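Below is one structure, written out as structure tokens, with a few remarks after it.
Since every read-out is calculated from the coordinates, none of them should be taken as a lab result. Quick caveat: nothing in here was measured; it's all calculated off a predicted structure. Here Cβ is always computed from backbone atoms with ideal geometry, including for glycine, and neighbour counts include all displayed protein chains.
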Amino acid sequence: MSTPASSAPGAATASVTPGHGTAGAGATSAVEQRLAELGLTLPEVAAPVAAYVPAVISGNHVYTSGQLPFIGGSLEATGKVSSGTEGASDEATVSPEDAKRYAAVCAVNALAAVKSAIGDLDRITRIVKVVGFVASDPSFTGQPGVINGASELLGQVLGDAGQHARSAVGVAVLPLDSPVEVELIAEFA
């Protein structure tokens, strides 16, 4: 799937496969070209892990299901996000910086879900809302900074259309013990 490149804020370099899967197939949109400039490509849409679909259209909005930070079909890290000064030593933890990078991966995966519904990311006129969930150690309060990974990426690839309302919520646990999950609502023409 895709990972942020070193040029993206808070990101690490990883290999990506351009045009891999149905979400990345076909003509490349201007949005996908901006993703490519960041070293990113749209992944295949992740198969649902329960009874739902990746995205639904209602009127001129696409609502995505929550997207986990799958890279190459798996999670690179699991556990609670912790600044390292809190949490039990026997629990798996993820640093806020890594979680921010994973939130950006979630945003790319959400864009792939949007593309699967509308066919062309250039049809997006605005990201209306982003909701980010952070599996947090009980003492961790930096959820907004983690979800900035998704927000900043959307701004980079969509410009003004990437500006959005947002919620960043700390939760006890996420599916598959993921450290982050992101969903979005996109308006399109």
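Quick rundown of the values:
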quantity: Full-stretch length increase - Ala51, Ser167 - with 0.36 nm per residue and alpha-carbon distance subtracted; calculated: 39.3 nm
quantity: Estimated FRET transfer efficiency (Thr141, Leu176; beta-carbon r; R0 30 Å; 0.05); calculated: 0.80
quantity: Dimensionless Rg/Rh of the stretch 95-188 - Kirkwood Rh, Rg from C-alpha atoms; calculated: 0.98
quantity: Simple spin-label estimate for Val128 and Ala92 in nanometres, 7 Å along Cα-Cβ; calculated: 3.5 nm
quantity: Antiparallel content of DSSP bridges confined to the stretch 21-141, in %, to 5; calculated: 65 percent
quantity: The stretch 29-137: relative contact order in percent, alpha carbon pairs under 8 Å with at least 6 residues between; calculated: 34 percent
quantity: Spin-label pair Ser74/Asn60, simplified geometry with 7 Å Cα→Cβ offset, distance in nm; calculated: 4.4 nm
quantity: Gap separating the Cα centres of the stretch 121-189 and the stretch 92-111, nearest whole Å; calculated: 10 Å
quantity: Whichever lysines have a C-alpha closer than 17 Å to that of Lys115, once near sequence neighbours (fewer than 8 apart) are set aside; calculated: Lys129
quantity: For Arg166, residues with placed amide H under 5 Å, excluding near neighbours; calculated: Val130
quantity: Integer Hz, Karplus 6.51/-1.76/1.60 couplings in order for the stretch 96-101, x for Gly and Pro; calculated: x, 5, 5, 4, 4, 5
quantity: Over 20 Å [Cα-Cα, the stretch 35-130], rounded percent; calculated: 45 percent
quantity: Relative contact order of the stretch 101-171, defined on C-alpha pairs under 8 angstrom at six or more residues apart (%); calculated: 44 percent
